[in-house]
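Enquirer: Have a look at the structure that comes next, please.
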Amino acid sequence: MRQIDEIRSTVDEIERVLDRANDITGWKIYVQDVEMSTITRVTQGSNTYDEQVEESIESGIELKVEREGEWVEEYIFGVSSIKNLKEMIQSPSRRQKIDSSFSEIDVSKLSRVSIKGDGYFVDTPIWEEMIDDLLEAHDSMQTVNFNEKLIFEKEAIAITNHYSDVVLSGSRRYTAIIDGQIMEESNYSQGRVIGSRSFENFKEKFDLTKSEIVQQLVYMKNTPIKILREEMDLLIGPSVTGEIARVLATYFQPDVIRDVFPEQYTLIDNPRRVGGFYSYLLDDSGKSTKQSVLFDQRVRNRFKFRSFTQFFRSYRYNLTPHISNVILSGGIGSGENFTERKKSFVKITNAESSIIGLGSELKVIINVTEADQWRNGILSHPVRPFSIIVELRRLFSEGTYSNDQILTFSDQKPGASYTGWIWLPSSCYKIH
Amino acid sequence: MELVPPVNHSTLVQNAVDIGVGFADATYVYKEVTVRRKIGNSWKEKSTVDFGSAIRMVAGYTENFMGTNKYSEIGHNVSRMAMKTSRNGGEGEPMIYPSPAHESSVDISADNIVDKEYGGEIEAYCNDFERIFEDHKEITYRYEFEHSTIGREYVSSDPVRNTQIMTLDLLKVELTRRTAIGATKLTMAFGGVNPLNLKLDVVEKKITDTCDILQRMDRAKSIPPARYPTVLSTDSAWTLIHETVGHGVEGEGILNGTSFLRDFKNQMVASLELNVIDDSQVPSAGWNEFDDEGMKTKGTLIIDNGELSQFIHSRRTAYLMEEQPTGNGRLSSYLSRLRSRQTNLIVEPGDWSEEEIIEYVGDGIYIGPITHAQVTLSSGEFVMIPEYGIRIRDGELAEPVFTQMVRGSSLETLSNIEAIGDKVQAYPTMCNKNGRQIAVGMISPIMMIRDLEVR
C-alpha cells in the first residue's frame, strides 16, 4: 500500500474510535510516516570494503483530545499501537487540562492550504537502480581508506481535526555524502519540497566529486606536519562558517548576532530557497512558509525577537520553531580565488566547532580535523589535527568572507546552511 | 506486565536464515511513558505508547539493520533485506561472537517510591517536595515526573531468548534564579531503576545546596583565563571520565581507529589514583541484566590503577578484534543500529574527604555541574561548559564565579588527577552520541586535577 493510502486509513481508523466516545467533542491529529534507507560503504585499502544497509520504517501519531470543551489529554503512539487507543481514551481519570501545542495553529484555515491528491507519491525505481552504479569501486581507491553514504528518505504527513480540515503532504530526498563531504544534494519531490531536480547528471557529478576527494585522500597519505605557531594565515571552510551560522541563528538573540557581524553581512532563514536542502512549501503545522531576516543592518530595528515562520516536529516531539536554510551573505569574490591571490596559508576543510562565552565576548573553538598547508601557491603538506580559538567578532570583521553559498548541515539537528570561506590573518587566532 | 509482540520474531529470524544469512537476531522493544507535570495548581499529562522491532542480519563481513514499527509488511521487508545481505556477504562464517544458549526472563518493574511511601498519591509527594522551596523564595522551579515501563524481548538464530521488563522513574527539576543581569538556570534529575534515589531527603539535599549557590550567583564575576588547580564536582568529574575514557574505549571507535585510545591497551593512560568500571548490574539508569544482543552483562574494569585494561564491546566488535564481548551492545531505540555503549560508568572512590581535597588545593577553582561537553575522539581534546564555578581560597570554598569553559587534552588531564574523593553520588543521566540517546548511570566521587585550563 502506498504511503498516502496508509496514512489515510490510519486517520480513518482513529476517527472511528473517537466518534464512538460520547464525551469527546474535538480532536486534532498529526500522522507522520517516514521511510529512510541508508547505504554506507567503507573501503579499506586494496578494494576490500564493507557495505552496510540501514533501513528505518516508522509511522506515528500525535493526538489531542477535547472533552466537554477543554483540551485535556495528549497521546503519542507508534502506529501499530492504535489498538490501545480505545481503552486509553475511555479512562475516566484522564481529565486534567493540558497545554496544546496545536494551539499556535489556526486549524480552521488548514483546508485553504491543503494539497490533496495521490500524484505526490508516485513511486520511482531510481533509488534501487542508482545504488549499484554509484557505489562501483574507483580506480584510485586501492591505496586509501574511504567512505561514502547514500541516503534516501521519503516522508508523508497528515494533519487533521474534527472539522475535517486536512493537510496532506510528502517529500522525497536523495543525499550523497562522500568522505564526510556533502555532494551537490538533489531533491526529487512533489508537493512539499520546492524545486525538483533531475537525476540525469547525478552520476556524473557523483563520480567527479568522488574522484577529487580520492585524489585528496591519496595526497593526505603524505607525512602530515604539525602547526605550532600562529604564523600562517588561515583559509577557513564552509564546514566551520556553516556551523557558526546555524548555531547563531538557532540559539542566539538578534542583539547578540548584531554584535558579531559587521554591517555588510546579512543572515537570512529562507525555507523557500529553490532546491534548498530544507525547503518546504508547508511546515509541520500545515502553514505556508516564508522567509525571515535574522540580521540585516538596513532593517536592524525591525527585528526585536528571533522568530522563524516555520515549525518542525516528529510525532514524538512537540512542534518547535526551527531554522530551515540559513544563508550568510555579504562577502566578496569566491573562496577559490583566495587561494590564487595569497601565497602561503593553511586551508581548513573539515573541523568541529563550538561557540563559547557570553554577549559580545563570544568565541569559537575550532578543532581542525582536515587541513593542508600551501606555500608559494603550491599545495605542500597535509596538517595534523590542531585546535584554535578565535573571537567571533574578529573572525567576521577582520577576516575576509567570500560570497560563495556552499551547503553544509548537521546529522543531529534540523536545518542547513549556505555559507562561504573566510580568510583569517595570522594575528586573529590562537593555537591551543 | 506481559510482553506480547505483534508478530513472532523467531519466525522472522528463521526466515532470514533460510534465505541465506549466517546469523540473524531481533529485539522487540515496548515502551510506555507517562509524563506528569504540575503547572500552577493543575496537572498536565502526556502518554506515549510505542513499540517496534530492531532486526539485524549478518552474512560474512556484512551486517545490515532494519528498524520498524509497521508490521503490515514486515515479512516482505525482512525477506528483501535477507536477500540483499546474503548476496553481499556470501556464505562465509558470520562475523559475530556466538552467544551461549540460554532462555531467561527478568522483571524488575517494582513499585516506585511514590507508591511505597505515599500510597500512590503523587500529590502528597509533590506537596512535600514543594516545601523544600519555602526557604528559597527567589528561586522559581518547574518539575515533572516521568514514569516509563520498558520491555524487551530478544531472539536470535542461536538458541537464545530472553525477556526483560523494567520501570524507570525520573524526577526532573529545573531551577531558575533571576537577577538584574539575567537569569541563571540549572537542571537536575533524580531516580532511575532504583526508587531510593527519589527519596525526599536525597532530593532535598541536592536542591538545597544548588539553591544556595544560585542565590549567590548575582555577585559572581568572571575569572581570568588560566590553568588552575581544579576540583571537579561529582557531575563534572563523571562527565570528564565519561567523555574521555567512556567514549574513548567504545568498540567501534577502537575498531575504526578513530579513538585516541586505540593503541593504549595495557598502558598507563591516567594517574595511579584512577579506577573506572562499567557495570550495568548496578541498579542505576543504565541497568540491564542482559544487553540488547542477549549477552549476560557484567562489570568491566576499564581503567585499573591508571592502566587501560579493557575496551567495551558488542558481540560484533569483540569478534572482529578477537576479544571477549563485555555485554555493552545497546540499542537507543528500535530504529537505530546496535552499538557498543556505556551503561553505568563508575569512578571508584579514593581516600580523600571533600574537605581534605579543598584544603589541599588551597587556591583554585571548584567546577559545578556541566551543561554541555564535547570530545574530539581522534585527538582526545575535550571541552566542558560548566553551569558555575566556585573560587577556592585559603583551602575553603569562597565566592561563586562565572566559568565559560574547561578544556584540555584527555591524556594530560587524566594523568594530572591527584586526588579522588571518598564519597560517591549516583544520578541518572542521558548520553547522546550521534543523535542516539540512551540512559546511563552516573556514579562518581569528586576529584582534583593538578592543572586544568579554565576560562
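The values are calculated or read from the model by the stated rules, or taken from the named source; none is laboratory data. Note that the structure is predicted; figures quoted are calculated from it, not measured. Cβ sites come from the backbone with ideal geometry, for glycine too, and all protein chains shown count toward neighbours. Note: accessible area is taken over every heavy atom of the protein model, side chains too, but ligands, DNA and RNA are not part of it. Shrake-Rupley method; radii C 1.70, N 1.55, O 1.52, S 1.80 Å.
Enquirer: Where does each of A:Val390, B:Val375 land when they are ordered by accessible area, with a 1.4 Å probe and the largest first?
Expert: Values: A:Val390 0, B:Val375 25 Å².
Heavy-atom accessible area, descending, gives B:Val375, A:Val390.
Enquirer: Could you check the simple spin-label distance between A:Gln405 and B:Glu355, using points 7 Å along Cα→Cβ, in nm with one decimal?
Expert: Placing both labels 7 Å beyond Cα along the Cβ direction yields 6.6 nm.
Enquirer: Per 5 Å bin, what percent of the C-alpha pairs of the range B:221-454 does each bin hold, from zero upward?
Expert: Binned Cα distances yield the sequence 1, 7, 15, 20, 20, 16, 10, 6, 3, 2, 0.
Enquirer: Which order do B:Arg455, A:Arg229 take when ranked by solvent-accessible area (1.4 Å probe, heavy atoms of all protein chains), largest first? Display every interim value, and only then the final one.
Expert: On the way: B:Arg455 45, A:Arg229 150 Å².
Correct descending sequence by accessible area is A:Arg229, B:Arg455.
Enquirer: Just the accessible area for B:Arg80, please: 1.4 Å probe, Å², rounded to the nearest 10?
Expert: Around 70 Å² of this residue is reachable by solvent.
Enquirer: Go ahead and collect, in residue order, the members of the range A:380-409 whose backbone nitrogen is under 11 Å from a label point 7 Å along the Cα-Cβ direction of A:His432.
Expert: Output list for this probe position: A:387-390.
Enquirer: What FRET efficiency comes out for the pair B:Asp451/B:Lys116, r = Cβ-Cβ distance, R0 = 45 Å, nearest 0.05? Intermediate results must be reported in sequence, preceding the final value.
Expert: On the way: r = 47 Å, r/R0 = 1.04.
After rounding to 0.05, the efficiency reads 0.45.
Enquirer: At 7 Å along the Cα-to-beta-carbon direction for both B:Ile108 and B:His76, put a label point, then send me their distance in nm to one decimal.
Expert: Going from the B:Ile108 label point to the B:His76 one covers 4.2 nm.
Enquirer: By how many nm would the segment from A:Arg384 to A:Glu398 lengthen if fully extended, with 0.36 nm per residue of separation less the alpha-carbon distance? Before the final figure, lay out each step's value.
Expert: Working: separation 14, 0.36 × 14 = 5.04 nm, distance 2.56 nm.
Result: 2.5 nm gained on full extension.
Enquirer: Of the cross-linked pairs B:Lys31/B:Lys185; A:Lys28/A:Lys86; B:Lys38/B:Lys116; A:Lys154/B:Lys84, which ones have a Cα-Cα span greater than 26 Å in the structure shown? Walk me through the numbers on the way to the answer.
Expert: Values: B:Lys31/B:Lys185 30 Å; A:Lys28/A:Lys86 16 Å; B:Lys38/B:Lys116 21 Å; A:Lys154/B:Lys84 21 Å.
From B:Lys31/B:Lys185; A:Lys28/A:Lys86; B:Lys38/B:Lys116; A:Lys154/B:Lys84, over 26 Å: B:Lys31/B:Lys185.
Enquirer: For the range B:88-171, which GluC sites (Glu not before Pro) are in a loop by DSSP, counting at most 14 other Cβ atoms within 10 Å? It would help to have the intermediate numbers written out before the result.
Expert: On the way: sites: B:Glu91, B:Glu103, B:Glu117, B:Glu121, B:Glu123, B:Glu130, B:Glu134, B:Glu138, B:Glu144, B:Glu146, B:Glu153; in loops: B:Glu91, B:Glu121, B:Glu138.
Sites meeting the loop and neighbour criteria: B:Glu91, B:Glu121, B:Glu138.
Enquirer: Each label point is 7 Å from the Cα along the Cα-to-Cβ direction; what then is the distance between the points at A:Glu212 and A:Arg375, in nm?
Expert: 2.6
Enquirer: A further question on this structure: So how strong a dipole does chain B carry about its Cα centre when Lys and Arg Cβ are +1 and Asp and Glu Cβ are -1, to the nearest 20 debye? Working shown, then result.
Expert: Numbers: 46 positive and 66 negative charges, 361 e Å.
Dipole magnitude for chain B comes out near 1740 debye.
Enquirer: Follow-up question, since we're still on this one. Sequence gap at least 6, Cα distance under 8 Å: using those rules, report the relative contact order of the range B:9-219 to the nearest whole percent. Working shown, then result.
Expert: On the way: 404 pairs, mean separation 45.6, N = 211.
Relative contact order comes out at 22 percent.
Enquirer: Within the set A:Lys342/A:Lys430; A:Lys363/B:Lys423; A:Lys430/B:Lys423; A:Lys413/B:Lys206; B:Lys265/B:Lys298; A:Lys363/A:Lys413, which residue pairs have Cα atoms separated by over 29 Å?
Expert: Working: A:Lys342/A:Lys430 21 Å; A:Lys363/B:Lys423 37 Å; A:Lys430/B:Lys423 39 Å; A:Lys413/B:Lys206 32 Å; B:Lys265/B:Lys298 20 Å; A:Lys363/A:Lys413 21 Å.
Checking Cα-Cα distances, A:Lys363/B:Lys423; A:Lys430/B:Lys423; A:Lys413/B:Lys206 exceed 29 Å.
Enquirer: Just report the Cα centroid separation between the range B:110-139 and the range B:75-90, whole Å.
Expert: 53
Enquirer: So, taking all protein chains as they sit and a 1.4 Å probe, how much accessible area belongs to B:Met321, in Å² rounded to tens?
Expert: 50
Enquirer: I would also like to ask the following. Could you tell me what % of all Cα pairs in the range B:1-152 have separations over 20 Å?
Expert: Result: 64 percent of Cα pairs exceed 20 Å.
Enquirer: Take every Cα-Cα distance within the range B:120-226, group them into 10 Å bins from 0 onward, and report for each bin the whole-number percent of pairs it holds.
Expert: 12, 34, 23, 15, 9, 5, 1
Enquirer: Largest first and in whole Å, what are the equivalent-ellipsoid semi-axes of chain B based on the Cα gyration tensor, each being the root of 5 times an eigenvalue? The partial results should precede the final answer.
Expert: Numbers: eigenvalues 331, 164, 59 Å².
Largest first, chain B gives 41, 29, 17 Å.
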